[in-house]
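See structure below.
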Amino acid sequence: YRFEPVDGVERYHGNQLLYVSWDHHLMFAAPFILCVSPTLRFSELVDTVIRPLVAADPDAAQVDWLAAEWIKGGQPFAPDFGRSLKDNGVGHKDLLRFRTPGLNTLCGTAPA
C-alpha cells in the first residue's frame, strides 16, 4: 500500500517522537513514547524526562545514569550527555533502550 504517513516528523512542530525503554524492568510493559525537541541535550532527556517517568520503580533512585548501558537500533550506544539528541544521532521514532546491570526490579531470576 502507498499512503502518506500520518506521523512524519514534519507534523510535530519541530519536535520528534522517541521511544525509550528500561530493560529488565517489567513495571513498564512497553516503551515510553516521548515527544521531544531534537535540540534537547541527552542529560536533559535523562534528568527532566526519563527520571520522572521511571521514578515509581523501586530501583530508580539507585540508577547510575552515566554507567547505564544504552542501546540504539539494537546496537550498543554511547551517548554524549552534553550534546543534543540530534548531535547524538537520535532521530524521529528511534528506540533507545537502557540497561542497569544489577538492578532488575520485577524480573525475578531465571531458574539455575
Fraction of accessible area attributable to carbon and sulfur, region 1-75 (%, probe 1.4 Å): 56
Max mean-square fluctuation residue, GNM over the chain, Cα-Cα springs under 10 Å, options Ala60, Ala68, Ala29: Ala29
Residue order for His13, His24, His92 - accessible surface, 1.4 angstrom probe, largest first: His13, His24, His92
Local electrostatic count at Ser43 - Lys and Arg +1, Asp and Glu -1, tallied over other residues with Cβ under 15 Å: -1
Calculated log₁₀ intensity ratio I(q)/I(0) where the Debye formula runs over C-alpha points of the chain, q = 0.11, 0.16, 0.17 Å⁻¹: -0.38, -0.76, -0.84
Å² per residue, accessible surface of the chain at 1.4 Å: 63
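The values are calculated or read from the model by the stated rules, or taken from the named source; none is laboratory data. Nothing here was measured: the structure is a model prediction, and the numbers come from that model. Neighbour counts run over all protein chains shown; Cβ positions are idealised from the backbone, glycine included. These accessible areas exclude ligands, DNA and RNA; they are computed on the full protein's heavy atoms, side chains included. Shrake-Rupley method; radii C 1.70, N 1.55, O 1.52, S 1.80 Å.
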